[in-house]
Every structure is written in structure tokens, then in C-alpha cells.
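Each reported figure results from applying straightforward, stated rules to the coordinates on display, with no laboratory input. Since the model is a prediction, treat every value here as computed from it, not as a measurement. Ideal geometry is used to build each Cβ from the backbone, glycine not excepted, and the neighbour counts take in all protein chains shown.
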Amino acid sequence: MTGRDISVENEADGSTSQRPPFVISRRDTLKGGAVMVATSMSPGASTAADAAAVQPTLLPVAPSHAVSVRTTINGQPVELEIDARTSLLDLLRERLALTGAKKGCDHGQCGACTVHVDGRRIASCLTLAAKVEGREVLTIEGLSDGDTLHPMQQAFIDHDALQCGYCTPGQIMAAVACVGEGNATSKERIREYMSGNICRCGAYVGIVAAIEDAAAKMRRG
């Protein structure tokens, strides 16, 4: 036996055998998993370090790529220096901790990252953050009026228009724009103008119903 071998007791007959180094048994895996679950459920598991982990990351900016951006996000003026190559989605999520807009495909094909710029819906993953200089950005975090939900948010709840919820912020932002564009006049038209937002759970029936409901309330004021 070498110093790197591990002696393992055979549960059936009490004999021992050698197990190669770095091999994890089924028993080890189950024990480790149990410890991890117990730790995560412990009241003392959440620490200041855990809280700090969700704070915005200040990504390094190379001087040769630095650009200053002044914009308004959810009604609040924002001025910061960013890398000129930063997408609006990464600015929102990584620098400002506005994580409602989701990174789905990162190719502008799923709609999970939809936000409004000057009242128009855009795919924030394909939009350079530098392009929102002097413009107004609205994300799902700024859609409600304090504790009062926007009619579209409430309609999504009322019609159970979500399952996993990952695409829901983008769906709602696109839906608000769909109504504002005058394209929520029929189920067929809603489906056409919401086709850029994919729901992998297939909650489309509820989404269309929610948009029809909210559209009527939004038109009334």
C-alpha cells in the first residue's frame, strides 16, 4: 500500500480493500449533500459576507476604453464611468444591481432582457450602455408606483401568466409597450407583437389574457 491509497472497509464481510485516491463514494456524496442542505437551512447560515456577495460588482475599466455616461434610470439621474463595450444589460445588472432584466440568450432573441428607452422597448443585451447617454431608461423595478403595482403587473398575477418567472419581467415590459404601441387590439395581434418574448414554460394563454385585461384598464387611464 502506498501513502496515497485509501483503506476502505467492506460493509458486507468486514474485510478491507484499497480505493484509488480522490474517488468519492456514494456514502460520501450523500453525507456531503446532507451537510450542505442542513447548513443552508440553518438560521445562522446567512452572514454579512453572504449579503455582501449580492452587491454590485465594480468591474475594472481600462483607461483606453473608459467613457462617462449620464442617463436617467427609473426616474433617478445616474452618472458613472463605464467600459465603452459594456452592454446596457450588464450595466443594469452588474453595476446598478437592477437584476429584474434577465440575461437569457444574450443574443436579442428571447426578450428576457427587455427594458424601455425613451418609452420604446429594446433588447438591453444588444444595446451599448453608452447609447443611453442623455436618455431615459425604465426597467421592471421602476414600473410600479411605490407599493401599487402597474395594471400589467397585477394582470399577470390575476391571470397566472407565469410559471418559473424568469421571462416575466421582460414579458411585462414588452406587454406594456405592446399596449402603448396600439397593438393590443386582438389576441392575434398581441401574439404577433409579443412574439419576440419567449416563455419556455408555455404560459402564453395566460400572458395573452393578462395583456387583454391590462390593456382595457390602461386605456381607461
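Structural remarks
- Using the Karplus relation 6.51 cos²θ - 1.76 cosθ + 1.60 with θ = phi - 60°, the per-residue 3J(HN,Hα) values for the stretch 164-170 come to 6, x, 5, 7, 4, x, x Hz, with x marking Gly and Pro.
- Dipole in debye (nearest 20) - the stretch 103-209, about Cα centre, beta carbon charges: Lys, Arg +1; Asp, Glu -1: 380 debye
- Under 5 Å, built H, 5+ apart or other chain: amide partners of residue 87: 129
- When only Cα pairs below 8 angstrom with a gap of at least 6 residues are kept, the stretch 76-217 shows a relative contact order of 25 percent.
- Applying 0.36 nm per residue to the separation of residue 163 and residue 205 and subtracting their alpha-carbon distance, the gain on full extension is 13.9 nm.
- Length released on extending from residue 154 to residue 220, taking residue separation times 0.36 nm less the Cα-Cα span: 22.2 nm
- Built amide H within the under 5 Å cut-off of residue 73, gap 5+: 78, 137
- Options 167, 182, 195, ranked by Cα towards positive dipole end of the stretch 96-196, top entry (Cβ charges): 195
- Converting phi to 3J(HN,Hα) with the Karplus coefficients 6.51, -1.76 and 1.60 and the offset θ = phi - 60°, the stretch 77-87 yields x, 10, 9, 7, 9, 10, 6, 4, 8, 5, 7 Hz in sequence order, with x at every glycine or proline.
- Distance in nm between pseudo-label sites at residue 68 and residue 183 (7 Å out along the Cβ direction from Cα): 3.8 nm
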